[in-house]
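Below: one structure, written as structure tokens.
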Amino acid sequence: MSETCSAGPHPRLAAPLRLGPVTLRNRVVFSAHLTNFAEDGLPTAQHAAYYAARAGGGAGLIVSEEHTVHPTDRPYEKLIRGYDPAVVPGYRRITDAVHARGGRIFAQLNHNGAQGCGMYTGLPLWAPSAVPDPLFREVPKALEEHEIRDLVEGYARVAEHCRAGGFDGVELQCSQASIVRQFLSPGTNLRTDRYGGPLRNRARFLLEVVGALRAAVGSDLVVGVRLSGHDGTDGGITLDDAVAVAAMIEDSGHVDYLNTSIGVATETLHLIEASMATPHGYALFVPDAIRRRVRLPVVGVGRFTTPTQAEAALAEGRCDLVGVVRGQIADPDFAAKALAGDDEAVRPCLACNQECIGRVGLGRWIGCVENPRAGREAQLLPDPAVPGRRVLVVGGGPAGLRAAATAAQRGHRVTLCERTPALGGQIRTAATAPGRGELAGMVDSLEVECRRAGVDVRIGVHVDAAFVQEHRPDAVVVATGARPRRPDWAGDTALVVDVRDVLDGRVSPQGDVLVVDDLGFHQATSVAALLAGRGAAVTVCTAGMIVGQDLGLTLDMESWTRRAHAEGIAQLTDTLVTAVTETGGRLDVALWHHPTAVAHTRTVDAVVVATHQDPVDDLWVALRDSAFHVVRIGDAVTPRRAHAAIVEGERAAVGL
């Protein structure tokens with residue numbers, strides 16, 4: 001492998017690298033991840049457009065999502081059936097699109113083993129041993145040796161399809177969700193035959209598969225392995241195991257590079273797709289250790305959101321290539337901007353996990369809270385209906401900023417007015433909470449887009465109907481946001497406040513504080529952590545079964561649970577607040593446990609509510625019957641999460 005560095009702001013990131021028969025143009029890897037774009041088990045035009053966008057954005061290597069190698073494996077609906085010859089035309093469409101943009105693309109091959117269910121196949125799960133996965137809880141069938149041979153042949157068959165489909169290489173998954181990893185792990189491999197026992201035996205299946213892959217693709221395609229370096233589970237693969245297996249893989253002579261991962265896609269999924277509460281580069285200890293043992297090029301992963309972070313991982317010798325997945329979902333041009341030295345223009349991944357991990361976890365196609373085009377790359381945008389319109393955008397939160405930036409980029413003359421002294425809206429407020437600071441990257445990057453596109457940004461400007469009449473724009477986009485809604489039970493006591501009052505610094509409750517979670521997301525848990533950190537005795541109350549119930553979708557539940565335990569934050573579930581009474585400077589809070597209908601009273605010093613909001617739509621009401629082209633977006637329509645604001649901002653601008 002070449003260690004030659006290129007000139008430029010990120011010389012190591014820009015340096016070409018040879019992997020076996022293939023030379024990559026740089027060290028940026030768009031690693032394998034689920035997209036849910038497949039239809040009836042086949043790749044689609046959206047797959048081609050999605051990967052082509054990242055190739056066009058400069059990625060050195062793209063590794064497609066997994067292709068299952070056997071009919072016994074279908075853990076989720078939209079899995080690509082790599083064993084079916086009907087996939088080959090779709091493969092060719094993907095690879096042709098990527099190659100046309102100068103990229104290289106490998107296909108990841110996999111069988112999920114016990115990390116799945118028989119719902120779609122009607123067949124027993126296959127696994128090394130009859131050990132149920134802790135998430136799916138379905139007892140698998142232990143493979144017999146003839147079935148192991150059948151499975152090895154399945155990997156080879158899919159590799160042949162990938163070769164026919166124009167892929168530059170194949171990558172064997174033996175990482176977060178893989179039957180190969182289950183063979184390697186002593187916790188899931190209890191066999192006593194030649195495939196079980198000591199590590200050398202447990203690695204036998206892996207080595208047989210890579211031998212079959214090399215025989216299937218020949219010498220002019222790349223063969224790689226994605227290896228779990230730390231499962232984080234009892235009886236799982238340890239770093240020492242991973243290093244030893246890496247050496248065996250290298251010694252086989254069949255493999256051109258090693259990719260790495262951390263965590264298991266069920267029990268420790270939060271380690272794989274870490275939220276913003278996790279430090280950047282947190283998983284680099286894995287490729288670092290493997291690279292010290294082998295000479296094969298090694299891919300490092302670990303929440304890289306900026307080119308500087310990726311360059312540093314290479315400069316420190318921790319890895320030879322850098323996997324940037326969510327960063328390239330957020331900004332398909334991540335690599336091109338990085339190599340041009342235009343770091344300011346890179347739209348940073350927030351690691352919020354709302355529309356990538358959370359959306360895919362619900363069976364939907366992948367998206368991005370910041371990038372309204374993610375998952376929609378195959379849908380062409382129309383030309384502006386009337387070019388060069390004078391557009392007034394009212395409101396500088398994410399909806400207004402996205403609308404202004406897109407409208408200006410499409411050739412309109414845009415003025416954005418924000419009544420407060422700063423842009424960002426509620427996102428700016430949310431970013432003040434502990435562990436949530438990277439949210440500010442959303443509005444910071446939008447502001448950069450607006451200014452670069454020529455938007456006339458005016459802050460501290462109040463816009464009403466008279467202002468619009470005076471300036472007479474061709475179109476008005478109303479993005480005026482939402483205001484807190486005071487609960488009916490709160491009365492007029494000043495001891496009941498909204499989370500926004502706390503995060504904006506208008507109040508600072510002390511003593512015993514009850515936080516009411518009506519939203520099931522970060523609002524209540526963030527303010528609870530903030531107040532506990534200031535010394536308050538905090539209890540979070542929710543009518544739901546768990547506090548912050550939607551945090552599970554974004555893989556934030558683990559960090560919240562740990563923080564709540566460390567800070568002594570108590571949690572009341574299945575409980576409603578029905579009334580408050582102020583007595584002697586404190587509040588008697590009437591609580592009702594709805595499953596049992598038991599009522600009780602709790603006395604606290606303050607109540608902070610994370611509850612629903614009302615749209616600020618006064619301007620919309622004043623203008624909706626006027627002669628202006630007026631559209632309202634985001635929370636001004638009805639309060640929702642940030643992705644709705646971004647999508648509606650884009651949609652409004654495209655519709656001008």
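Each reported figure results from applying straightforward, stated rules to the coordinates on display, with no laboratory input. For clarity, every value in this text was computed on a predicted model and none was experimentally measured. So basically every Cβ, Gly included, is an ideal-geometry build from the backbone, and we count neighbours across all protein chains shown.
Mind sorting PHE334, PHE37 by how few other Cβ atoms lie within 10 Å of their own Cβ, fewest first?
PHE37, PHE334
If R₀ is 22 angstrom, what is the calculated FRET efficiency for the pair THR638 and ARG586, using the beta carbon separation as r and rounding to 0.05?
Working from the Cβ atoms, E equals 0.05.
Along each of the three principal axes of the Cα atoms of segment 351-416, give the extent in whole Å, ordering the values from largest to smallest.
41, 27, 14
Trypsin sites (Lys or Arg not before Pro), restricted to segment 401-470: which are DSSP loop and have at most 16 other Cβ atoms within 10 Å?
ARG419
Show the residues, 5+ positions off or on another chain, whose built amide H is closer than 5 Å to the amide H of ARG632.
Long-range HN contacts for ARG632: VAL478.
Between LEU24 and residues 5 or more places away or on another chain, which pairs have amide H atoms under 5 Å apart, with H built 1.01 Å from N, and which residues are they?
Long-range HN contacts for LEU24: LEU17, ARG18, LEU19.
Find the centroid of the Cα atoms in segment 567-582 and in segment 368-431, then give the distance between the two in whole Å.
Between the Cα centre of segment 567-582 and that of segment 368-431, the gap is 39 Å.
Considering only DSSP states other than H, G, I, E and B, which GluC sites (Glu not before Pro) in segment 155-263 qualify as loop sites with at most 16 other Cβ atoms within 10 Å?
The qualifying sites: there are none.
If R₀ is 51 angstrom, what is the calculated FRET efficiency for the pair SER626 and ARG101, using the beta carbon separation as r and rounding to 0.05?
Efficiency for this residue pair is about 0.65.
Just checking my list (i) 83, 66, 45; (ii) 74, 63, 46; (iii) 68, 60, 59 against Cα extents along the principal axes in Å computed from this structure; which label fits?
Read-out taken from this structure: (ii).
Angle check, please: helix 557-567 long axis (alpha carbons) against the longest principal axis of the chain (alpha carbons), in degrees 0 to 90, nearest 10.
So the inclination is approximately 60 degrees.
If each residue of separation counts as 0.36 nm, what is the full-extension length gain between GLN379 and VAL507 once their alpha-carbon separation is subtracted?
41.4 nm
What do you get for GluC sites (Glu not before Pro) in segment 41-85 restricted to DSSP loop and a cutoff of at most 13 other Cβ within 10 Å of the site's Cβ?
GLU77
Roughly how far apart, in whole Å, are the Cα centres of segment 180-252 and segment 449-479?
Taking the Cα centre of segment 449-479 as reference, the centre of segment 180-252 is 60 Å away.
Most exposed first by the Cβ proxy, i.e. fewest other Cβ within 10 Å, how do SER31, SER219, SER508, SER445 rank?
If I rank by nearby Cβ atoms, fewest first, I get SER219, SER508, SER445, SER31.
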